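Structure first, then comments.
The values are calculated or read from the model by the stated rules, or taken from the named source; none is laboratory data. The model shown is predicted, which means the values in this text are computed figures rather than measured ones. Note that we place each Cβ from the backbone using ideal geometry, even for glycine, and neighbour counts take in every protein chain shown.
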Amino acid sequence: MVAEKRESLDFNKPLTTMVKKSNPPTVVLEPAIDPHDPALYEGEIETTGVAGFGAVDDTRLASYRAHGFLVIHGAFDEDAIRAARDELHRMAHSDDPQCDSVHYEGGIAKYVARRERLEAGKHMDKLVLGHVFDGLPGASPEIRAGLLRKFMGFCAHHPPLAALAHHSELLGILQRLVGEPLRLFQEMALVKPPGGREKPWHQDHAYFNFPLDTRVVGVWIALDQVDVGNGCMVVLPGGHLQGPRIHFMRRDYQICDSEIHEQFQQRVALPMQPGDLLLFDGKLPHGTPTNHTQGHRWAVQYHYVGESVRTDAEIDYREEFGSEGKNVTC
């Protein structure tokens, strides 16, 4: 791991980002998944954190390294959050959302012609369950928006969302955590409509072709009030220190439910208010339950690594995180 050298970092250096495509977005129609056991997300409710970016001192960074996460309350003001929400609402109703990919809940399938479902889509048999299409489903904008699950790759075309990712105080904290100037490599808007699906327990690093010692930092920003009822983050504090966990293709590419049940005493749920921010380590086990309310739950998530880090096509995440060849069952 790279030793922290705060005095040597250039906090004014522009953030490096991935080069974005100009092609129409990939459209993913995800299948309906089986209901999860509610007990998977039962745990202590954690409401502590720090108030604002200015409160993140060396002690708080040490706590992040030990526990794998840190909540910053009131990180973004009301105007920034409203602008981000409004931008996402426009994208959700647009025929051209200007992003890399759009993912829909399983209920959207009934609005796609059977022939299209059988012939036009390519089955996703690895990290994303569902079928890929070249265009948006043939439903009204209101129906599409009501079944939206995720946008990916949007900062290049949506300034209010880029403003959150490029916030100078946030970037300063992230540079202190990774030990070098940053690269933003993933942007996601995570939507849970009423009844929106669970994201099962997983480690984000399991989805990335980075060396295992890479410092990956996730940033999850609440755009609504979030709690266990509508799908807040639930984490295993300190779980990142145990390294990779075996992931299986079940309801998603996920950690086995039985492993999470065994660690029920460690689970912590993180309710948040609009504008609150969660920093979390790429190896921290976490998940979000089904949205059991009648409202949407909007959040955005960004992932950062050091500027010198590059994905490596020769790295097979399944060697460390996957079940293939490991002679284990879930």
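Here is a list: Thr293, Thr288. Which entry is crowded, with 19+ Cβ neighbours inside 10 Å, modelled with pLDDT of 95 or more and either within 25 Å of Ala80 (Cα to Cα) or of a type outside the set (A, V, I, L, M) (or both)?
Working: Thr293 fails: crowded, with 19+ Cβ neighbours inside 10 Å.
Just one listed residue meets the conditions, Thr288.
Could you check region 65-85 and list, in sequence order, the residues that are surrounded by fewer than 20 Cβ atoms within 10 Å (Cβ to Cβ) and within 18 Å of the chain's Cα centre (by Cα)?
Within region 65-85, just Arg85 meets the criteria.
How many residues does region 296-328 hold that are part of a strand (DSSP E or B) and either at pLDDT 90 or above or hydrophobic (A, V, I, L, M, F, W, C) (or both)? Working first, answer last.
Taking region 296-328 and keeping what is part of a strand (DSSP E or B), we get 297-306, 322.
Subset that is either at pLDDT 90 or above or hydrophobic (A, V, I, L, M, F, W, C) (or both): 297-306.
Summing the residues that are part of a strand (DSSP E or B) and either at pLDDT 90 or above or hydrophobic (A, V, I, L, M, F, W, C) (or both) in region 296-328 gives 10.
Against the conditions (1) modelled with pLDDT of 90 or more; (2) touching a helix residue (DSSP H, G or I) at 6+ places or on another chain (Cβ under 9 Å); (3) closer than 26 Å to His202 by Cβ, where does Asp86 fall short? Just the number, please.
(3)
So which residues in region 279-298 are closer than 20 Å to Met152 by Cα and in contact with a Cys (Cβ under 9 Å, 6 or more places away or on another chain), if there are any at all?
Thr288, Arg297
So that you can scan it fast, the table gives a plain yes or no per residue for (1) in contact with a helix residue (DSSP H, G or I) (Cβ under 6 Å, 6 or more places away or on another chain); (2) surrounded by fewer than 21 Cβ atoms within 10 Å (Cβ to Cβ); (3) part of a helix (DSSP H, G or I); (4) aromatic (Phe, Trp, Tyr):
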position: Ile143; (1), (2), (3), (4): no, yes, yes, no
position: Leu161; (1), (2), (3), (4): yes, no, yes, no
position: Ile173; (1), (2), (3), (4): no, no, yes, no
position: Gln186; (1), (2), (3), (4): no, yes, no, no
position: Ala189; (1), (2), (3), (4): yes, no, no, no
position: Pro200; (1), (2), (3), (4): no, no, no, no
position: Trp220; (1), (2), (3), (4): no, no, no, yes
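The conditions are (1) within 18 Å of the chain's Cα centre (by Cα); (2) at pLDDT 95 or above, and Leu129 fails exactly one of them. Which is it?
Failed condition: (2).
Which number in (1) in a loop (DSSP other than H, G, I, E, B); (2) touching a Phe, Trp or Tyr at 6+ places or on another chain (Cβ under 7 Å) marks the one condition that Pro194 misses?
It is condition (2) that Pro194 fails.
For region 32-65, how many residues meet the condition of being under 30 Å from Ile108 (Cα atoms) and either assigned to a strand (DSSP E or B) or not aliphatic (A, V, I, L, M) (or both)? Before you say what the answer is, go through the steps one by one.
Restricting attention to region 32-65, the residues satisfying the condition of being under 30 Å from Ile108 (Cα atoms) are 32-42.
With the extra rule that they be either assigned to a strand (DSSP E or B) or not aliphatic (A, V, I, L, M) (or both), the set shrinks to 34-38, 41-42.
Adding up the residues that qualify gives 7.
Applying the selection to region 93-112, what residues are out of contact with any Lys or Arg (no Cβ under 7 Å at 6 or more places or on another chain), surrounded by 18 or more Cβ atoms within 10 Å (Cβ to Cβ) and within 21 Å of Gln186 (Cβ to Cβ)?
Pro97, Cys99, Ser101, Val102
Scan region 234-246 and tell me whether some residue there is under 27 Å from Ala162 (Cα atoms) and either in contact (Cβ under 8 Å) with a residue 60 or more places away in the chain or buried (at least 16 other Cβ atoms within 10 Å of the Cβ) (or both).
Our first condition is that a residue be under 27 Å from Ala162 (Cα atoms); within region 234-246, this holds for 234-235.
Within this subset, residues satisfying the condition of being either in contact (Cβ under 8 Å) with a residue 60 or more places away in the chain or buried (at least 16 other Cβ atoms within 10 Å of the Cβ) (or both) are 234-235.
Within region 234-246, one or more residues are under 27 Å from Ala162 (Cα atoms) and either in contact (Cβ under 8 Å) with a residue 60 or more places away in the chain or buried (at least 16 other Cβ atoms within 10 Å of the Cβ) (or both).
Just to verify a result, which residue in region 250-268, among those that are within 21 Å of Leu212 (Cβ to Cβ) and assigned to a strand (DSSP E or B), is modelled with the highest pLDDT?
Per the criteria, the residue is Ile255.
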